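The values are calculated or read from the model by the stated rules, or taken from the named source; none is laboratory data. The structure presented is a predicted model; accordingly, all values stated were derived computationally and were not measured. All Cβ positions, even for glycine, are placed from backbone atoms using ideal geometry, and neighbour counts span all protein chains on display.
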Amino acid sequence: MQIKDLAKTRIGHSFRHKLVNDPEGNTKIIQPKNISSTGFLDLKNYPPIQTKIVPNNPLATGEVLFLNKGRFVAAIFNESEQECWTTPGSVIILTLNSTKILPEYLALYLNSSKGRQKLNRVTEFSSIPFITRTNLERIDIPIPSKDKQKNLINLMSTISRYEKLTTRKTNLLKNILNAKLEF
């Protein structure tokens, strides 16, 4: 099925000025740098900017955020809806309108090598590669059963945890080596 049959898409908020953090602001902004290359929101290393602008359509839990300029990566918005959140115009927001697909599976597929192949076919170029909303909506997504989707999501989660642990172990071993080299 094409994405347009599975989700409603919209572009993030179009800011008319440079984003400056306002601690008094009531809206948090997820920027492209908050979305890691593996498709996770990183709000600890890169705290979101706050602003007083109130968007027409704030983010809702379970929406898929897709970076459509430069690097193409998807992430799931799972932050508190008690706070107002938005994204800039370089992010396409996908709100699922079908029960056939889980948002985590859609993000996983878009971030996979198969998904990247499809994204590369619809990429347009200027000084920065980009994917239009229309082209994104035309991408076909294979939809396995919900059980298979959940299994794939769990496998990806396991892979991510394994990568984090392996990186931590490598860093610890390097620290041990560096400590032993001090005479």
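Might you let me know whether the stretch 43-63 holds any residue that is outside the structural domain of LYS164 (by TED's automatic domain parsing) and touching a residue at least 60 places away in the same chain (Cβ under 8 Å)? No. Selection of the stretch 38-68 for residues being over 15 Å from SER80 (Cα atoms), of a type in the set (Ser, Thr, Tyr) and surrounded by fewer than 17 Cβ atoms within 10 Å (Cβ to Cβ) yields THR38, TYR46. Only one of the numbered conditions (1) of a type in the set (A, V, I, L, M); (2) outside the structural domain of LYS69 (by TED's automatic domain parsing); (3) part of a loop (DSSP other than H, G, I, E, B) is not met by ILE128, and that is (2). Count of the stretch 79-113 residues, restricted to those that are more than 19 Å from LYS146 (Cβ to Cβ) and surrounded by fewer than 19 Cβ atoms within 10 Å (Cβ to Cβ), is 10. Considering (1) in contact with a strand residue (DSSP E or B) (Cβ under 9 Å, 6 or more places away or on another chain); (2) free of Cβ contacts under 8 Å to residues at least 60 places away in the same chain; (3) not acidic (Asp, Glu); (4) not in a loop (DSSP other than H, G, I, E, B), the lone condition that ILE92 does not fulfil carries the number (2).
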